[in-house]
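S.K.: Handing you this structure, nothing more for now.
The values are calculated or read from the model by the stated rules, or taken from the named source; none is laboratory data. Everything quoted here is computed from the prediction, not taken from an experiment. Note that each Cβ is placed from the backbone with ideal geometry, even for glycine, and that neighbours are counted across all protein chains shown. Ligands, DNA and RNA are stripped out before the accessible areas are found, and what is left, the full protein with its side chains, is counted by its heavy atoms. Shrake-Rupley method; radii C 1.70, N 1.55, O 1.52, S 1.80 Å.
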Amino acid sequence: MKLLLDFLPILLFFVAYKLQGIYVATGVLMAATCVQMAIVYAIDKKLTTMHKATLALILVFGALTLGLHDERFIKWKPTVLYAAMALALAVALWGWRKNFLRIMLGSQLSLPDGVWHKLTVAWVLYCLFMAALNGYVAAFWSTDAWAEFKLWGYVFPVAFIIGQGIYVARHLQDTEGST
């Protein structure tokens, strides 16, 4: 259900883009993300830092796109978001010796320290990959191709999350079996 809720603004953006172009699609994305966050808040009674950052970037980059009538801003928003996530996780892990994933999810998942470390490194690498991939598509492909990539490129986070789930599940069984 949450994955569908996360996918909905992208799908609405894509449909609006195909029907009316990038500027209408940007407005639709901004509105759909606000509605999405309201639903998440109604369900969870809170927004995570990631939700807040995503909402802020969509609203800021969307406003710049619409206000300056320059599609580059909305196209580069995912690159900025992914790069910021990679940087935050990396600085916390290697600079401050804090594992943000464990801090955020440790109450929900009981995993060995080494697994938390590997998960965080995997997230840093994934975010760098996604930042570079979106940056490349935004810089060198047409807006039509970029919009297609936004829709069909959703396979990357889905595959990554499934892979993370399989990896974590293996270690959850080990922890449960050893207690």
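S.K.: I'm trying to understand the selection: among the residues of region 1-39, which are crowded, with 20+ Cβ neighbours inside 10 Å and polar (S, T, N, Q)?
M.R.: Thr26, Thr33, Gln36
S.K.: Are there any helices (runs of 4 or more DSSP H) wholly within region 89-179 with 3 or more residues that are closer than 28 Å to Thr65 by Cα, and if so which?
M.R.: 113-140, 143-152, 155-178
S.K.: Hey, does region 58-81 have a residue that's at pLDDT 95 or above, under 28 Å from Val168 (Cα atoms) and open to solvent by less than 40 Å² (accessible area, probe 1.4 Å)?
M.R.: There is at least one residue in region 58-81 that is at pLDDT 95 or above, under 28 Å from Val168 (Cα atoms) and open to solvent by less than 40 Å² (accessible area, probe 1.4 Å).
S.K.: Now for a separate question. Looking only at region 150-167, count every residue that is out of contact with any helix residue (DSSP H, G or I) (no Cβ under 9 Å at 6 or more places or on another chain) and of a type in the set (Phe, Trp, Tyr) and tell me the total.
M.R.: Number of matching residues: 1.
S.K.: Any idea which of (1) in contact with a Ser or Thr (Cβ under 7 Å, 6 or more places away or on another chain); (2) within 30 Å of Leu19 (Cβ to Cβ) is the one Ala139 doesn't satisfy?
M.R.: Result: Ala139 fails condition (1) only.
S.K.: Which count do you get for residues in region 129-179 that are more than 30 Å from Phe73 (Cα to Cα), among the small types (Gly, Ala, Ser) and at pLDDT 85 or above?
M.R.: Total satisfying the criteria: 3.
S.K.: Counting only residues that are more than 15 Å from the chain's Cα centre (by Cα) and in contact (Cβ under 8 Å) with a residue 40 or more places away in the chain, how many does region 12-56 have?
M.R.: 8
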